[in-house]
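Here's the structure we're looking at; comments come further down.
The values are calculated or read from the model by the stated rules, or taken from the named source; none is laboratory data. No experiment lies behind these values; they were computed from the predicted model shown. Please note: Cβ atoms are built from the backbone with ideal geometry, for glycine as well, and neighbour counts cover all protein chains shown.
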Amino acid sequence: MAEIESPAARGDVHAGVLVLGAGPGGYTAAFRAADLGQSVVLADQRPALGGVCLNVGCIPSKALLHAARVIAETREMAAHGIRFGDPDIDLDALRGWKDGVVSRLTGGLAGLARQRKVATLRGTGRFVSANLAEVTAADGGVTTVSFDRAIIAAGSSAVRLPFMPNDDRRVLDSTGALDLASVPRRLLVIGGGIIGLEMATVYHELGARVTVVELMDQLIPGADRDIVAPLAKHIKARYENIYLTTKVTGAEAGAGTGTGTGKHADKDAGGLRVSFDGPGAPDHDVFDQVLVAVGRVPNGRLVGAENAGVLVDDRGYIPVDKQQRTNVAHIFAIGDVVGPPMLAHKATHEGRVAAEVAAGQRSYFDARVIPSVAYTDPEVAWAGVTETEARAAGVPYGKGVFPWAASGRALSLGRDEGMTKLLFDPASKRLIGAGLVGPNAGELVAETAHAIEMGADAADIALTIHPHPTLSETVGLSAEAFEGTITDLYLPKRK
Amino acid sequence: MTTEVQVPDIGAFDDVPIIEVHVKAGDRVNEEDPLITLESDKATMDVPAPVAGQVAEIAVKIGDRVSTGSLILTIDPGDGAVEAPPTLVEQQEPEVPAEAGGPDGSHGSVMANGDKVAVGATGSTGAEGIAGSKWAAGAEGIAGAVGAAGAKEVIEMAGPATDFTGVHAGPSVRRTARELGVDLTAVTGSGPKGRITKDDLLAHLRGPSPAGPASPPVVGPAAGTGIPEIPAQDFAQFGPVETRPLSRIRKLSGPHLHRSWLNVPHVTHHDEADITLLDPYRRELDAAARPDGYRVTLLAFLLKASVSGLKRFPEFNSSLSPEKDSLIVKGYYHLGVAVDTPEGLVVPVIRDVDRKGIIELSQELSAVSGRARDGKLTVTDLQGGTFTISSLGGIGGVAFTPIVNAPEVAILGVVRSAMKPVWNGTEFTPRLMLPLSLSYDHRVIDGALAARFVTYLSDVLEDPRRLIL
């Protein structure tokens, strides 16, 4: 498959830069390194480039979330004079569209790789030594790759719960949930984080009755409570149950085998009996499917790092410096495998840094903030310091809040539960954090991340003219609220 | 078994920064291969390998400050290590666009090869210590188990890079700072609300003059003149263009010239000296010198004449005090001579010109200009000047305005001499006239004094016998 040949190389092929893993971080690193004149070999076990994100993560989930959004909006409009019939959902067609979106993107990546003469190798990559790796294809064929520099972009895997009957096809991880084999009547989502709630959003709109169980005392534990509250309220009214501070203590398969197919496979196959331990939760309940979304673990132990002398910590992360170097100078690591947050946009930036350093440039990962987005309904997004973190760390902050109930744009969307909250350094008045909830919050957070990177202060944001009527205005208006200059709200004088 | 390589005698300079490290542990080097590059004032100096062998351990990194005797690295002259096969990257290296490329290949290779760039730009010392404790120990254990190939590659992880958290600078400025190795926490921002701009970075890089702690910090008007930048233009829209990187010397001399030009209120005084008598004497000496491999040029006479003038008018051999409230008059006569090299202009300094004769000066000029053209000048060659001569003699021209080589206060420019009709009171006689252009710092020297100085120079040059007075 790879076209690179070097008679002097020790491996079957030789790479100036070998990249293990073709997710967003890996392919970005590979492409950047190629653009900087390196000979690059990119190895990944999947048939298509793009890793989890493009194939079984961010992208397919966004396609399904869009479908869910359309269903929700048409239903919401019924109250405002536009009535459609109940949706007729063709699961195969929906899945086909989703897969089409994925293959269009991954096909584009393959083209980008070809244009850059990045050699791609399909198989699982493992280090043999500090300058040699082997890539084992699905058919067992081994290609050895010698390299001058390597970038580990091995990503992460979904955590499995040991007590779950994991071989039962009614027990899903996010990948399985995105396969959309069937829509269960009752779905249990274990884990009230971003991934669990996004899949809950999809399955809820497709007709499943959803229960969410979360160990912590709030949904999306990384975000501020007040930002999550509108989402919690929204879904509490729509989902079957939300159990917080609740542990799943066991699960056992019911009568069926879970091997049926088709729309009502789960019905025929019986249920999964899941037991809980928590206030408000029943002792046990029976579900047709269970989605386990309790987190992801880094794949640091899966690449034979020890053979190359690369340190892997006890949680499976590979420690790196700000240039993405591991303890072995010519081996870099990026993305999920180096530590949280496990986000594609973090990985791509780290990938660029690693590629640039590998090519001799003095690049550093100096980003101040890595925004997070939950594409739930409503969306939740935040960047920089959260109020919870600021309080815990004793960081002084001032706050500017704008409730979307006062936003004409939000009301005209039929939604009033949103909120924009900006946190400022009280001395310099610079923006240090932002939290948003509401439709399209994920798009709005970009402005706040930019403002933080640029060192913008409240006046900079307030004096930037935001177009009216948009949701983006709420960012400017929150800054005005902090400054005490807002006229769209009446706030009592502070002093 | 291993040879320790130390910083050789670089003259009376301490704390000279390392601007490049050309090798990494495990590299094979030949005798005389450059190992590191030091920089001080306008000179860069490579430290060559004293022996051939394999680099065992590197004790320094870019940005470290070293002095004569500092340990640079150890070389293992033995032949035990396995040589890695040539790689595609190595074969391709010449094609890699080198950031600091240009005619000087050695700089390019550093930028093109990641391993040659030091890890972590922070802290002049202590990186070893930090690395040693946490990383190296564990790595060694693992590496030991997997054999020598792995162990060889295990390096110490540098200490944490300077954290730019809290620095008021945008992402592009932070990246530029990383590229240039600038610690942003030490840069003062001139933008709104103390924001650090790209110009602040560059000003910080030019920084206080590298002459050492004795020199005043440059925070004067030149640091931030407030002069608007010349707007960037896309020249390519008007026709084909080619971007050529400036040579290292030009990059260094540019800011120095700019600083001098902006800080010193310049006046240039023009005159002519009659060298009709001097010229045959010079030719005679030159003819005698040629078999010995050097030339006697007018420059040696100009040096002698200038020293004579400097002694008579000590203001010209002075500098303004940092506070600008007094004049520091120097009791030594070290004269800079501007030398044109393929890489740009350099100004080596001829020391104690007052104690040397024409022959000795001529020999020294030959040697030093040769070294300058070969890029072999040392830091010592470039420091301590009190007055500068810039001669375009061989080329042509009528007059020009040399830029004072601050903190000196005057510079003498000369162009080609020409035979001219001169009125001697009764008739025009053909005389060989040498144009002199003296630029001076008007804060120190007035026009009348300058006129007297140049007149005196002319008198001395007119009658070579005066040179020995």
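Descriptive notes on the structure:
- When A:Arg160, A:Arg116, A:Arg170, A:Arg104 are checked against the criterion of being touching a Leu at 6+ places or on another chain (Cβ under 9 Å) and of a type in the set (D, E, K, R), A:Arg170 stands alone in meeting it.
- Search result, residues across the range A:313-338 that are surrounded by fewer than 23 Cβ atoms within 10 Å (Cβ to Cβ) and more than 19 Å from A:Ser363 (Cα to Cα): A:Asp313, A:Asp314, A:Arg315, A:Gly316, A:Tyr317
- In the range A:144-165, the residues that are within 17 Å of A:Ala133 (Cα to Cα) and within 13 Å of chain B (Cβ to nearest Cβ) form Cβ pairs under 7 Å with partners that are polar (S, T, N, Q) and in a loop (DSSP other than H, G, I, E, B), at six or more places apart or across chains, as follows: A:Ser146/A:Asn131; A:Phe147/A:Asn131; A:Asp148/B:Thr87.
- Residue satisfying condition, being in contact with an Asp or Glu (Cβ under 9 Å, 6 or more places away or on another chain) and either hydroxyl-bearing (Ser, Thr, Tyr) or surrounded by 20 or more Cβ atoms within 10 Å (Cβ to Cβ) (or both), within set A:Ala462, A:Ala405: A:Ala462
- Residue within the range B:349-365 that is crowded, with 16+ Cβ neighbours inside 10 Å, touching a Leu at 6+ places or on another chain (Cβ under 9 Å), at pLDDT below 90 and not assigned by TED's automatic domain parsing to the domain that holds B:Met45 present: no
- Index of the failed condition, A:Leu187 passing every other in (1) in contact with a Pro (Cβ under 7 Å, 6 or more places away or on another chain); (2) at pLDDT 95 or above: (1)
- Residue within the range A:57-65 that is part of a helix (DSSP H, G or I), loosely packed, with under 14 Cβ neighbours inside 10 Å and modelled with pLDDT of 95 or more present: no
- Within the range A:480-493, the presence of at least one residue that is touching a strand residue (DSSP E or B) at 6+ places or on another chain (Cβ under 6 Å), at pLDDT 95 or above and surrounded by 21 or more Cβ atoms within 10 Å (Cβ to Cβ) is confirmed.
- Of all residues in the range A:272-305, those being free of Cβ contacts under 8 Å to residues at least 60 places away in the same chain and surrounded by 16 or more Cβ atoms within 10 Å (Cβ to Cβ) number 2.
Yes/no per residue for (1) of a type in the set (S, T, N, Q); (2) touching a Phe, Trp or Tyr at 6+ places or on another chain (Cβ under 7 Å); (3) on the phi < 0 side of the Ramachandran plot:
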site	(1), (2), (3)
A:Val13	no, no, yes
A:Gly21	no, no, no
A:Arg32	no, no, yes
A:Leu36	no, no, yes
A:Ala48	no, no, yes
A:Lys62	no, yes, yes
A:Arg69	no, no, yes
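- Annotation: of all residues in the range B:341-363 being among the acidic types (Asp, Glu) and closer than 20 Å to B:Ile411 by Cβ, the one that is farthest from the chain's Cα centre (by Cα) is B:Asp354.
For every residue, the table says whether it meets (1) within 25 Å of the chain's Cα centre (by Cα); (2) farther than 28 Å from B:Gly397 by Cα; (3) modelled with pLDDT of 85 or more.
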residue: B:Asp200; (1), (2), (3): yes, yes, yes
residue: B:Pro208; (1), (2), (3): yes, yes, no
residue: B:Gly212; (1), (2), (3): yes, yes, no
residue: B:Thr225; (1), (2), (3): yes, yes, no
residue: B:Ala273; (1), (2), (3): no, no, yes
residue: B:Thr276; (1), (2), (3): no, no, yes
residue: B:Tyr281; (1), (2), (3): no, no, yes
residue: B:Leu299; (1), (2), (3): yes, no, yes
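- Meeting the requirement of 1 or more residues that are under 17 Å from the mean Cα position of the chain (by Cα) and closer than 30 Å to A:Ala354 by Cα, the strands (runs of 3 or more DSSP E) wholly within the range A:121-207 are A:156-158.
- Of all residues in the range B:185-195, those satisfying the criterion of being more than 9 Å from every other protein chain (Cβ to nearest Cβ) and either part of a loop (DSSP other than H, G, I, E, B) or touching a Cys at 6+ places or on another chain (Cβ under 6 Å) (or both) are B:Val187, B:Thr188, B:Gly189, B:Ser190, B:Gly191.
- Taking the listed residues A:Ala232, A:Ala237, A:Ala223, the one that is free of Cβ contacts under 8 Å to residues at least 24 places away in the same chain and within 22 Å of A:Pro371 (Cβ to Cβ) is A:Ala232, with no other qualifying.
- Flag for A:Leu197 being modelled with pLDDT of 95 or more and out of contact with any strand residue (DSSP E or B) (no Cβ under 8 Å at 6 or more places or on another chain): no
- Boolean, A:Gly107 is more than 30 Å from A:Tyr203 (Cα to Cα) and assigned by TED's automatic domain parsing to the domain that holds A:Arg32: no
- Among the residues listed as B:Phe316, B:Phe238, the single one being at pLDDT 95 or above and either under 15 Å from B:Thr388 (Cα atoms) or not small (Gly, Ala, Ser) (or both): B:Phe316
- Top-ranked residue in the range A:299-328 [being under 24 Å from the mean Cα position of the chain (by Cα) and among the hydrophobic types (A, V, I, L, M, F, W, C); ranked as farthest from the other protein chains (Cβ to nearest Cβ)]: A:Leu302
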